[in-house]
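**Student:** My structure is below; once you've seen it, I'll send some questions.
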Amino acid sequence: MERWKGFREAKVVKRVEENKYIVSLYIKVMDEEGELPDYLPGQFIAVKVPMDDGTLSKSRQYTLSSISNGEYYRISVKREEEGQVSKFVFDHVKEGNTIHITAPAGKFVLKEGNKPVVLIGGGIGITPMLTMAMAAEKEKRSSHLIYSLPNTEFMAFRDEINKLSGAHVNTTIVYTRPLETDVMGKDYDEKGRLTKEWLERNIQKDAEVYFCGPVPFMKAMYQNLLQIGFSDDNISFEMFVPGVDIRK
Ligand SMILES: Cc1cc2nc3c(=O)[nH]c(=O)nc-3n(C[C@H](O)[C@H](O)[C@H](O)COP(=O)(O)OP(=O)(O)OC[C@H]3O[C@@H](n4cnc5c(N)ncnc54)[C@H](O)[C@@H]3O)c2cc1C
């Protein structure tokens, strides 16, 4: 199918609440063949949703949170308490609803090759990292997926991450604030922040590193990586918040 320009109508065919804050929408474009353009791991679509008053929401970008499959697009939206669009999506968008989407785009993608990759996601920044890890697994490419989040209350995609963990993909779940009921070794692998010492001990130095997450997390990751010897050539990241330069 031709990659369309601008927005077109698409149908939400499935809705999955990953936790109390993140909802995944499985989306199909309603064309005759029912086909979707392929996309690269890390790319996003822009979305507009019909609001209660009949108008369309502002456009927001959401990373495709599973690999290209020709059948549906999946996005995973974190509900922001004060957010205009994400809150509406979480609270109101249901299976069967029509929304408006662009074709996939974006330059933050897993580069081709066979270099090992380190994929670090903080909070909802896990979405591109998860898709890249799925692609790495499919390509039998050595990769390390590191997911940093507060605790089990915020955990998403656990089954998918567990399934990925194996011969090619190593996974590490890091809780910054484990609950009293959280058990290390079962619910999570590491406690605390991803320090440069931890990264130095645990990630491959010849890897390409990709990361995404909240701004303070990204600033820390960038500095940590530089300090343990990575150069800009081997570091890629995606900002969910526009207009911030994490290098400063
Ligand atoms: C390339 C790209 C990919 C992305 N992928 C994802 C993804 O996979 N999943 C995802 O969930 N998001 C993703 N985002 C972010 C997403 O596009 C939206 O920015 C996000 O959902 C917030 O949109 P919103 O309309 O709900 O919030 P907005 O209304 O735009 O508000 C933005 C932020 O300001 C805060 N805010 C707004 N008003 C107030 C107020 N009065 N007081 C205090 N705080 C306030 C909100 O809490 C929110 O955090 C991505 C962004 C980009 C650029």
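**Student:** Of everything in region 229-248 that's surrounded by 14 or more Cβ atoms within 10 Å (Cβ to Cβ) and without any contact (Cβ under 8 Å) to a residue 40 or more places away in the chain, which residue is nearest to the ligand (Cβ to nearest atom)? Spell out the reasoning first.
**Tutor:** We begin by selecting, within region 229-248, every residue surrounded by 14 or more Cβ atoms within 10 Å (Cβ to Cβ); these are 230, 234-240, 246.
Subsequent filtering for residues that are without any contact (Cβ under 8 Å) to a residue 40 or more places away in the chain retains 230, 234-235, 239, 246.
On the way: PHE230: 22, ASN234: 21, ILE235: 17, MET239: 6, ILE246: 14 Å.
So, considering only residues that are surrounded by 14 or more Cβ atoms within 10 Å (Cβ to Cβ) and without any contact (Cβ under 8 Å) to a residue 40 or more places away in the chain, the one nearest to the ligand (Cβ to nearest atom) is MET239.
**Student:** Going residue by residue through region 97-108, is there one that turns out to be hydroxyl-bearing (Ser, Thr, Tyr) and surrounded by 15 or more Cβ atoms within 10 Å (Cβ to Cβ)? Break it down into steps so the answer makes sense when it comes.
**Tutor:** Initial filter on region 97-108 (hydroxyl-bearing (Ser, Thr, Tyr)): 98, 102.
With surrounded by 15 or more Cβ atoms within 10 Å (Cβ to Cβ) added as a condition, the list becomes 102.
Scanning region 97-108, I find at least one residue that is hydroxyl-bearing (Ser, Thr, Tyr) and surrounded by 15 or more Cβ atoms within 10 Å (Cβ to Cβ), so the answer is yes.
**Student:** Quick test for you: out of VAL77, VAL93, VAL117, pick the one residue that is over 18 Å from CYS212 (Cα atoms), touching a Leu at 6+ places or on another chain (Cβ under 8 Å) and open to solvent by less than 10 Å² (accessible area, probe 1.4 Å).
**Tutor:** Details: VAL77 fails: over 18 Å from CYS212 (Cα atoms); VAL117 fails: over 18 Å from CYS212 (Cα atoms).
Checking each option against the conditions leaves just VAL93.
**Student:** Of the residues LEU145, LEU149, LEU64, which is open to solvent by less than 30 Å² (accessible area, probe 1.4 Å), within 14 Å of the ligand (Cβ to nearest atom) and under 22 Å from PRO216 (Cβ atoms)? Before you say what the answer is, go through the steps one by one.
**Tutor:** Numbers: LEU145 fails: within 14 Å of the ligand (Cβ to nearest atom); LEU64 fails: under 22 Å from PRO216 (Cβ atoms).
Of the residues listed, the single one that is open to solvent by less than 30 Å² (accessible area, probe 1.4 Å), within 14 Å of the ligand (Cβ to nearest atom) and under 22 Å from PRO216 (Cβ atoms) is LEU149.
**Student:** Answer yes if at least one residue in region 97-111 is over 18 Å from LEU36 (Cα atoms), within 12 Å of the ligand (Cβ to nearest atom) and of a type in the set (Gly, Ala, Ser), and no otherwise.
**Tutor:** no
**Student:** Take region 80-90 and flag every residue that is surrounded by 13 or more Cβ atoms within 10 Å (Cβ to Cβ) and near the ligand (Cβ under 6 Å from one of its atoms). Even if it seems obvious, please write down each step before you answer.
**Tutor:** Let us first name the residues in region 80-90 that are surrounded by 13 or more Cβ atoms within 10 Å (Cβ to Cβ), namely 80, 83, 85-90.
Within region 80-90, GLU80, GLY83, VAL85, SER86, LYS87 qualify.
The values are calculated or read from the model by the stated rules, or taken from the named source; none is laboratory data. All figures in this text were calculated on a predicted structure; none of them were measured in a lab. Methodologically, a virtual Cβ is constructed for each residue, glycine included, from the backbone with ideal geometry; neighbour enumeration extends over all protein chains shown. Areas reflect the complete protein model, heavy atoms only, side chains present, ligands, DNA and RNA absent. Shrake-Rupley method; radii C 1.70, N 1.55, O 1.52, S 1.80 Å.
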